[in-house]
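The values are calculated or read from the model by the stated rules, or taken from the named source; none is laboratory data. These numbers come from a predicted model, not from an experiment. A quick note on method: Cβ atoms are made from the backbone with ideal geometry, for glycine too, and the neighbour counts reach across all protein chains shown. These accessible areas exclude ligands, DNA and RNA; they are computed on the full protein's heavy atoms, side chains included. Shrake-Rupley method; radii C 1.70, N 1.55, O 1.52, S 1.80 Å.
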Amino acid sequence: MKDAMHQVTVNFADGVSRSFSVAGEASILDAAIEAEIPLLYQCRSGGCSSCIAQLAEGEARTRPGASSSLLASEYAAGQRLLCLCQAQSDCTFTLPYGSEVGSSVAREVHAFIDSIERIAVNVVRLTLELADDDWLEFRPGQFVQIEVPGYGVLRSYSPSSTLADLPRLQLLVRLLPGGAMSSYLEEKAQVEDVLTLRGPYGAFFLREEHKRAPHIFVAGGTGLAPILSMIDTLRQCGGKKPPMLLSFGCATPEVLFGLDDIELRQQWLPTLEARICVDREPTEGLHHGSPVSALREGDVVSPDTVAYLCGPQPMINAATARLIELGVAAENIFSEQFVASH
Ligand code: FES
């Protein structure tokens, strides 16, 4: 029997709507790509959540047998990963980003290493400069993939720098014993080495439409990188700056990093408050506990508050629950799981 065709409509956050047809058994994302609809995606296999959308009308299900990173409660609330999703009737989805976002197609570029600077026992600040004929646009919060020379593997990093810093890109790399990028940086990398980058990727980025609203940032470890890029982008925007709260944490004072960067931004931005947290052995001025435990009653004063979370999944889950409890709307919470890979 021939597959039934359904009409799918996607509504972007900037008011643009696009419709396309999809066969019942096909993935909605595949049909959208075919129809040149600018949707965000990356893995196409249910693992990255880039293609998340909210089902507003109609019926659509996850392909039977597919494993998705969505929680059962998110699925029940109508969230779908379009790469795994099949339409069972005509349906409409709302997307958490504008129609111009997905149109910045990932590209491959080359960059030279400008500097390799150890800024904590296990963190390196890597500064790159794009090769003369190459250019890479990204939104603050998005990530790029780098081919690790000599190891044949890709690693993902979110720039801590902004578009205004291009052709320079700054990345924070967490060093892991035996990790491919860590071994390369510690043993082989030299200034002027050429790296191959691909990007931008990811649906975690600063939402321009909320830029005047109060912001809460929660970062764990090198999850600080995209958050610094967001804070700097807000700083570079003209006009009055929104109130911003940064809660940033590491395991111990010994592995803390980026404090100078944060302090400098506080000098530039009087509306930025920072809470620096450590899980163990706190010294003076540091909050004892996770960056989530540093959030308190009274931090959310406006229903428009928007929050960006980047760090390990348990931190994101705890921060999301806490922020909702404090009064942030679930749809105003954006997050990216940070996974350190070997
Ligand atoms: S594209 Fe990665 S989950 Fe759909």
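All of ILE262, ILE324 fail the test of being closer than 27 Å to ARG155 by Cβ, in contact with a strand residue (DSSP E or B) (Cβ under 8 Å, 6 or more places away or on another chain), without any contact (Cβ under 8 Å) to a residue 40 or more places away in the chain and not acidic (Asp, Glu), apart from ILE262. Of the candidates ALA56, ALA35, the single residue that is farther than 27 Å from ALA321 by Cβ, more than 7 Å from the ligand (Cβ to nearest atom) and out of contact with any helix residue (DSSP H, G or I) (no Cβ under 6 Å at 6 or more places or on another chain) is ALA35. Of the candidates SER115, SER67, SER158, SER182, the single residue that is open to solvent by 10 Å² or more (accessible area, probe 1.4 Å) and out of contact with any Ser or Thr (no Cβ under 8 Å at 6 or more places or on another chain) is SER67. Only a single criterion out of (1) without any contact (Cβ under 8 Å) to a residue 24 or more places away in the chain; (2) over 19 Å from the mean Cα position of the chain (by Cα); (3) open to solvent by 80 Å² or more (accessible area, probe 1.4 Å) is not satisfied by SER293, namely (3).
Please go through (1) away from the ligand (no atom under 16 Å from the Cβ); (2) over 19 Å from VAL144 (Cα atoms); (3) open to solvent by 30 Å² or more (accessible area, probe 1.4 Å); (4) assigned to a loop (DSSP other than H, G, I, E, B) for ASP133 and return the number of the only condition it doesn't satisfy. The one condition ASP133 does not meet is (2). Of the helices (runs of 4 or more DSSP H) lying entirely inside the range 171-286, those containing at least 3 residues that are touching a Gly at 6+ places or on another chain (Cβ under 7 Å) and at pLDDT 95 or above span 224-236. For the range 281-340: of the residues being aromatic (Phe, Trp, Tyr) and in contact with a helix residue (DSSP H, G or I) (Cβ under 8 Å, 6 or more places away or on another chain), which is farthest from GLU208 (Cα to Cα)? The residue in question is PHE338.
In the set PRO242, PRO226, only one residue is under 19 Å from GLN337 (Cα atoms), open to solvent by less than 30 Å² (accessible area, probe 1.4 Å), assigned by TED's automatic domain parsing to the domain that holds PRO214 and not aliphatic (A, V, I, L, M); that residue is PRO226. Looking across the range 101-117, the residues that are at pLDDT below 95 and over 16 Å from THR196 (Cα atoms) come down to VAL101, GLY102, SER103, SER104, VAL105. Exactly one residue among ALA87, ALA164, ALA66 is of a type outside the set (Phe, Trp, Tyr) and away from the ligand (no atom under 16 Å from the Cβ), and that residue is ALA164.
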